[in-house]
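Read through the structure below, which is laid out as structure tokens, and then see the notes.
The values are calculated or read from the model by the stated rules, or taken from the named source; none is laboratory data. Because the structure is predicted, anything quoted here is derived from the model rather than measured. Quick reminder, even Gly has a Cβ in these numbers, built from the backbone with ideal geometry, and neighbours come from all protein chains shown. Keep in mind that these areas ignore ligands, DNA and RNA; they rest on the heavy atoms of the full protein, side chains included. Shrake-Rupley method; radii C 1.70, N 1.55, O 1.52, S 1.80 Å.
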Amino acid sequence: MKAVYDKAHWQRHPKTELDGGQLVTPYESPERAEYVKSSVTESGIAQWLDPKDFGLAAITRTHDAAYIDFLTTCWQQWQDTGKAGEAIPAVWPGRRMQQVVPTDIDGQLGYYSFAAESSISDGTWEAAYASCQVALTAAEQVGHGEHAFGLCRPPGHHAAFDYFGGYCFINNAAVCAQYLLDQGDQKIAILDVDFHHGNGTQDIFYRRADVHFFSLHGDPLLVFPHFSGYENEIGAGPGEGANHNWVYGPGTTFAQWQVGLNEALQLIQAGGFDRLIISLGVDTFEHDPISFFKLTTDDYLSVGAAIASVQLPTLFLLEGGYAVEAIGVNVAKVLIGFEQQP
Ligand code: OKP
Ligand code: MG
Ligand code: ZN
């Protein structure tokens, strides 16, 4: 399959993540992408393409233009105030407060976010933009009927129409779904196998029937993003019935998780979709430091093979995975399992 990478991901190199009341080295590190690059290269299944530039217009088809403006100016605004650390939101509009966009940068950070772990620093916007162009370059191949892998960093599935969080700034999968519709597709399926609920992707398409969202994830009563991902979230208006969540508890094995995977794949198979987008997180891995599922490296071959069985042009986009030295191998296993399926 075709695969796309951009070294511009290195521009996302924050020093801080708010975790457990401390500022720690971020889990979402540049090394992650390099491990994936080398394992996928070693596997021999990828032909690497250089990223193209589809411009900002492809992004504002899916995201609020004012939010994108905020992302492009945030770090400069933050620096202009002379603050010492990286930009971290610390105030949000609570229930019954006004949804206004403050002029002050602290207020803007709260308005345009839903969580505080993802510091914004020098190069964050540039890397997020490049990550989305990697995704779009891979999506173009999938539009031509190929399968492709976008090695996206930072990830995207927590980024909503107008807010960031969970290490995500631009929703790469959502931007690609809209791009494929704009190229003539009628109906797209997005399957999110990352350990966390893809709240941003769900948000963007919640009231739409042209993009259906399927996500398997840790129970939000127990894990991030906590306020989204419950099984009663089925879509609304024209999108009612087009959103599907499967929730699992601590210790979930592949045998348990695959029940939901197969239900999702059956719905996708029967749904008349033109193309399939996979939000490919491998933080379902047994040794992931921030997650609680128990998938093994060999299980990822079966994940890839199961996805191949629906026989749709498929776009894989990297999301999470934080057991740094294992994520390359685990991602490669999914792609190998996919390619080996006859
Ligand atoms: C991003 B992706 C850990 C709390 C969780 C945010 C996790 C974001 C995951 N102290 N923090 O879905 O892999
Ligand atoms: Mg998920
Ligand atoms: Zn995740």
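Kindly establish whether residue 256 is more than 24 Å from residue 312 (Cα to Cα), in a helix (DSSP H, G or I), away from ligand 3 (no atom under 16 Å from the Cβ) and open to solvent by 20 Å² or more (accessible area, probe 1.4 Å). Considered against the rule, which asks whether it is more than 24 Å from residue 312 (Cα to Cα), in a helix (DSSP H, G or I), away from ligand 3 (no atom under 16 Å from the Cβ) and open to solvent by 20 Å² or more (accessible area, probe 1.4 Å), residue 256 comes out as yes.
Scanning the stretch 259-305 for residues that are of a type in the set (Gly, Ala, Ser), under 16 Å from residue 336 (Cα atoms) and open to solvent by less than 20 Å² (accessible area, probe 1.4 Å) gives 281, 304. Considering 300, 322, 248, the condition of being free of Cβ contacts under 8 Å to residues at least 40 places away in the same chain, within 16 Å of ligand 2 (Cβ to nearest atom) and among the aromatic types (Phe, Trp, Tyr) is satisfied by 300 alone. Sort through 163, 129 and tell me the only one that's surrounded by fewer than 24 Cβ atoms within 10 Å (Cβ to Cβ), more than 21 Å from residue 334 (Cβ to Cβ), touching a residue at least 24 places away in the same chain (Cβ under 8 Å) and not aliphatic (A, V, I, L, M). One residue alone meets the criteria, 129.
Does residue 314 meet the test of being modelled with pLDDT of 95 or more and buried (at least 22 other Cβ atoms within 10 Å of the Cβ)? So residue 314 passes the test.
Note on the stretch 173-190: residues that are of a type outside the set (D, E, K, R) and part of a helix (DSSP H, G or I) amount to 9.
What about residue 195, is it more than 14 Å from ligand 1 (Cβ to nearest atom) and touching a residue at least 24 places away in the same chain (Cβ under 8 Å)? For residue 195, the condition - more than 14 Å from ligand 1 (Cβ to nearest atom) and touching a residue at least 24 places away in the same chain (Cβ under 8 Å) - is not met. For the stretch 17-38, a residue qualifies if it is of a type in the set (Val, Ile, Thr), within 13 Å of ligand 1 (Cβ to nearest atom) and open to solvent by less than 60 Å² (accessible area, probe 1.4 Å), and exactly one does: 24.
Considering the conditions (1) within 16 Å of ligand 1 (Cβ to nearest atom); (2) closer than 28 Å to residue 134 by Cβ, residue 227 is excluded by exactly one of them, (2).
Residues in the stretch 179-192 that are in contact with a strand residue (DSSP E or B) (Cβ under 8 Å, 6 or more places away or on another chain) and away from ligand 1 (no atom under 11 Å from the Cβ) were compared, and the one that is most open to solvent (accessible area, probe 1.4 Å) is 187. Scan the stretch 182-193 and give yes if some residue there is more than 13 Å from the chain's Cα centre (by Cα), at pLDDT 95 or above, within 14 Å of ligand 3 (Cβ to nearest atom) and of a type in the set (Gly, Ala, Ser), otherwise no. Checking the stretch 182-193: not a single residue is more than 13 Å from the chain's Cα centre (by Cα), at pLDDT 95 or above, within 14 Å of ligand 3 (Cβ to nearest atom) and of a type in the set (Gly, Ala, Ser). Residues in the stretch 266-288 that are of a type outside the set (Gly, Ala, Ser), over 17 Å from residue 216 (Cβ atoms) and part of a loop (DSSP other than H, G, I, E, B): 273, 274, 287.
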